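The structure under discussion appears below in the form of structure tokens.
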Amino acid sequence: MRAHNTALLLQAIWCEQGISRADLARRTGLSRATVSDIVGGFLLTGAVGEYEAAPSSGGRPPIRLRFENGWRHIIGVELGASHVSGVRTDLRGRVLASFQHPQDVAGNPTATLAAIDAGIRGLLAYDASVPVLGIGLGVPSPLPISSQGGLAHHLFPSWQGIQLATHLKLAHSVPVEVDNDANLGALAEHWWGAGRGFADLAYVKVATGVGAGILIRGRIYKGATGIAGEIGHTAIDPDGPRCRCGLSGCLEAMVGTAALLQRAREQLVSVQPLPEWARDELTVQSLIAAAHAGDATARLLITGAGQALGVAMANLLNLVNPGRIVLGGHLTEAGAMLLDPLRTALSERALWSSVEGSELVISPLGDQAVALGAATLLLQAALEDPQRLLPQQPRPAAPLVPFIHAGHPAPTFERSI
Ligand SMILES: [Zn+2]
């Protein structure tokens, strides 16, 4: 019971900076004596501080409590298809330091692990005076529960037998959590980005891979075996191109960046002379720039991707009924050229009541969404199980106190004491 109360109080203080002990008792339904006892323990650790409110019209100003956001830091890392990146955050999701390296992830696990380790060492060295709570890692692979954190063999054959979490735990001596990249993008958007205030939310990442993270009532929905959200492998055109998963006509085989660039190469074969933008190595950025400059081939590819995404998202809307869909990944830099056909297909394919109750927005967190979500995974776990944050606190017996982030505004402080 004490562990349960500890989690309740820690969450309440995190949510409402400046809350008094009396308000904590009212908010949680706990007795004043229990609140004072547990809060006293928080103060001893340094995780919570107190300050005096500005003088009111009379009487002694109440003592207010403050969650110390900088008391511990968290590292979040993203393993992409062609890069590794990472952030170091405080306990309020503020990014304090970051790294990003281009990297052939699928083809070279050894160099990838070395790049991740070097990046993490740099983030750990950023401020040795503040302990790091742990490392969260987002991976571009479905993570069935049975995989124990390993990448899918059919997508990453070179990674067979490599246990990422175990490697990172041994290399850096801190707790490690791993999840799918789109799941973590959804979590980051829900806590800090365009999904704030939307407990039912979908985040769709359009990169080399295409995946969705689905939040239901503020929690990542993983499905029976851990692979929910694989929207990239839903069929858009059963007669469409073969996908790397082995199926045909998957969304990813039509709008994933590797597929899109392959289609561009195929179509450019018959174009003479070859347009200038296609003479160097093709990238999504060069494709988007060419489309914006009026190149017909590039424009058709991007509007076609928008239509295919619209069909997939109509299915998502009808099935899950999210309050918001947040779209991430480099292809979103195409802007209206992608979104207009997407919205048209969406409105033609989804039930009106599904479309009406939802909104499609571009991720404001951009490149850092997944790494930030990876850090958030550890923050959420620490608020639900305070022993992760405060090892001397009792560990709650299951069930934990689920923490649903309600999108509270950033606090302002008065006088510290
Ligand atoms: Zn597929």
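All of the numbers you see were taken from the coordinates with simple rules; none came from a lab. Nothing here was measured: the structure is a model prediction, and the numbers come from that model. We place every Cβ from the backbone using ideal geometry, glycine too, and count neighbours over all the protein chains shown.
For segment 127-204, just run the numbers: alpha carbon Rg, then divide by 2.2 N^0.38 Å, N being how many residues it has.
1.29
How compact is segment 1-95 by the rule of thumb for globular proteins, expressed as Cα Rg over 2.2 N^0.38 Å? Please list the in-between numbers first.
Numbers: Rg = 17.0 Å, N = 95, 2.2 N^0.38 = 12.4 Å.
After normalising by residue count via 2.2 N^0.38 Å, the value is 1.37.
Quick one: divide the alpha-carbon radius of gyration of segment 196-364 by 2.2 N^0.38 Å and tell me what you get.
Values: Rg = 16.2 Å, N = 169, 2.2 N^0.38 = 15.5 Å.
Normalised by 2.2 N^0.38 Å, the Cα Rg of segment 196-364 equals 1.05.
Would you tally the net charge around residue 265, using a Cβ to Cβ cut-off of less than 15 Å, leaving residue 265 out, and scoring K and R as +1, D and E as -1?
Numbers: positive: 263, 279; negative: 266, 280, 281, 295.
With Lys, Arg at +1 and Asp, Glu at -1, the neighbours total -2.
Starting from the amide H of residue 134, placed 1.01 Å from N in the peptide plane, find each other amide H under 5 Å away whose residue is 5 or more places distant or on another chain.
75
What percent do you get for the relative contact order of segment 196-364 when only Cα pairs under 8 Å and 6+ apart count? Spell out each step's value before the answer.
Working: 285 pairs, mean separation 38.5, N = 169.
RCO, segment 196-364: 23 percent.
Can you pull the semi-axes for the chain, root of five times each eigenvalue of the Cα gyration tensor, sorted largest first, whole Å?
Numbers: eigenvalues 363, 113, 76 Å².
For the chain, the ellipsoid semi-axes come out as 43, 24, 19 Å.
Using the count of nearby Cβ atoms within 10 Å as a rough guide to exposure, how do 73, 153 rank from fewest to most? Working shown, then result.
On the way: 73 24, 153 13.
Lowest count first: 153, 73.
Which Cα, out of 282, 317, 304, lies furthest along the positive dipole direction of segment 268-340 (beta carbon charges, K/R +1, D/E -1)?
The residue sitting farthest along the positive end of the dipole is 317.
Tell me the mean residue ellipticity at 222 nm calculated for the chain from its helices only (DSSP H runs of n ≥ 4, each -39500 (n - 2.57), averaged over every residue, nearest 500). Numbers along the way, then the final one.
Details: 13 runs with 160 residues, N = 417.
-12000 deg cm²/dmol, from helical runs alone.
In debye to the nearest 20, how big a dipole does the chain give about its Cα centre with +1 on each Lys and Arg Cβ and -1 on each Asp and Glu Cβ? If you can, show how the numbers build up before the last one.
Numbers: 31 positive and 34 negative charges, 254 e Å.
In total the dipole reaches around 1220 debye.
Determine the percent antiparallel among the DSSP beta bridges restricted to the chain, to the nearest 5.
Values: 32 of 50 bridges.
The antiparallel proportion sits near 65 percent.
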